[in-house]
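A short write-up of the structure that comes next.
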Amino acid sequence: MQTLSLTTPDDFHLHVRDHEALPYTVAATARCFARALIMPNLMPPVTRLEHALAYRERILSACPSGAAFTPLMSLYLTDHTPVEEIDRAVDSGQIHALKLYPSGATTHSDAGVTHLDRVMPVLERMAIRQLPLLIHGEVTDPDVDIFDREAVFIDKVLAPLRQRLPELPIVLEHITTRQAVEFIREQTGRVAATLTAHHLQFDRNAMLVGGVRPHYYCLPVLKRKEHRLALLQAATSGDPRFFLGTDSAPHAQSAKESACGCAGSYTAPTALERYAQIFDEQGALARLEGFASHFGADFYRLPRSTTQVTLVRSPWTVPASLPYPGGAIIPLGAGSTLTWKLAHD
Ligand code: NCD
Ligand code: ZN
């Protein structure tokens, strides 16, 4: 197959940052995605409806003219989120989820939840209103090895939460382990997981063999190959509980290439092309559209997109660097070759 047309996909996990970064980050996604679920981990975090609505306007203002792109907003759950905020959020029609960051788990998560007991009334209201909870599924206990943090979270936090509140819609975000795949498969009801392109394409060797490669450092951290193979199987299986979320997480070059580089890989400029390559290599191109364009919209009870994008098999080289506030940004895989390209680029 030399060309591939599919319903314009949606990215159900995206960081676009704010202000002067927006023209760059929004354009990188709007070039090929119809909608994206925008993560609320700004500084300060997007905790209230009004913050999210103002942020949405800033994103729309930064959108390239002519691009039909819709940001879908989320709120950042804290120990202090009032129960009433759930009703305000749902009634606005503009908030599609709340994001749970265990405090200290990742970039800009200091305001996150310290213990689930503190947010149970909010979660109970979300279950009643069927507002999805998006979970960064890693424990932050310093005694737990960073490579085990997702699996331990599933056992210690997520499984008990499911027991306690089975009606709460949940998306386990950017899953990285076989245990996460198995957990999702065992569930009944409104539970799903997003999969990034980079966790499907790379394992931890990409980050650590031959030198430390900071652009591959993201959270949850890349795992062993056996886990990646489980993720690939889930993504290409046609199971609607696994759908696309890039977790494209831009940080300026200087913040990544540092003695203490921050977590996050900037994949938006290459993400759809990467997913196409991954599905192609698995002989599963026919299943890309469900994963990228149907299953996420169905989970969020949104209409599927009605437009199409076309990819062509035409090798191209990922730019070495891209413009970004504060200097430059390095897209993941800078200088490498990808096999699929957007037809209209
Ligand atoms: C994200 C970021 O930079 O905002 N970083 C990352 O490594 N994925 C936060 C997150 O989603 O964990
Ligand atoms: Zn993220």
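General remarks:
- Filter pass, LEU165 being among the hydrophobic types (A, V, I, L, M, F, W, C) and open to solvent by less than 10 Å² (accessible area, probe 1.4 Å): no
- Failed item, numbered, when LEU231 is tested on (1) more than 15 Å from ligand 2 (Cβ to nearest atom); (2) open to solvent by less than 10 Å² (accessible area, probe 1.4 Å); (3) farther than 21 Å from PHE299 by Cβ: (3)
- Residue within the range 260-275 that is assigned to a helix (DSSP H, G or I), among the hydrophobic types (A, V, I, L, M, F, W, C), open to solvent by less than 40 Å² (accessible area, probe 1.4 Å) and at pLDDT 95 or above present: yes
- Residue selected from the range 290-340 under the condition touching an Asp or Glu at 6+ places or on another chain (Cβ under 6 Å) and not in a helix (DSSP H, G or I), by the criterion most open to solvent (accessible area, probe 1.4 Å): PRO325
- Test: LEU288 is over 27 Å from LEU72 (Cα atoms), away from ligand 1 (no atom under 16 Å from the Cβ) and either in contact (Cβ under 8 Å) with a residue 60 or more places away in the chain or among the hydrophobic types (A, V, I, L, M, F, W, C) (or both): no
- Evaluation of ALA105 against (1) open to solvent by less than 20 Å² (accessible area, probe 1.4 Å); (2) free of Cβ contacts under 8 Å to residues at least 12 places away in the same chain (one fails), failing number: (2)
- Strands (runs of 3 or more DSSP E) contained in the range 1-60 and holding at least 3 residues within 15 Å of ligand 1 (Cβ to nearest atom): 10-14, 35-38
- Residue count for the range 237-253, restricted to those that are surrounded by fewer than 24 Cβ atoms within 10 Å (Cβ to Cβ), under 15 Å from the mean Cα position of the chain (by Cα) and over 19 Å from TYR300 (Cβ atoms): 0.
The values are calculated or read from the model by the stated rules, or taken from the named source; none is laboratory data. Keep in mind that this is a model prediction, so the values were computed, not measured. Every residue, glycine among them, receives a Cβ derived from its backbone with ideal geometry; neighbour counts consider all protein chains shown. Remember, those area values only see protein heavy atoms, side chains included, never the ligands or the DNA or RNA. Shrake-Rupley method; radii C 1.70, N 1.55, O 1.52, S 1.80 Å.
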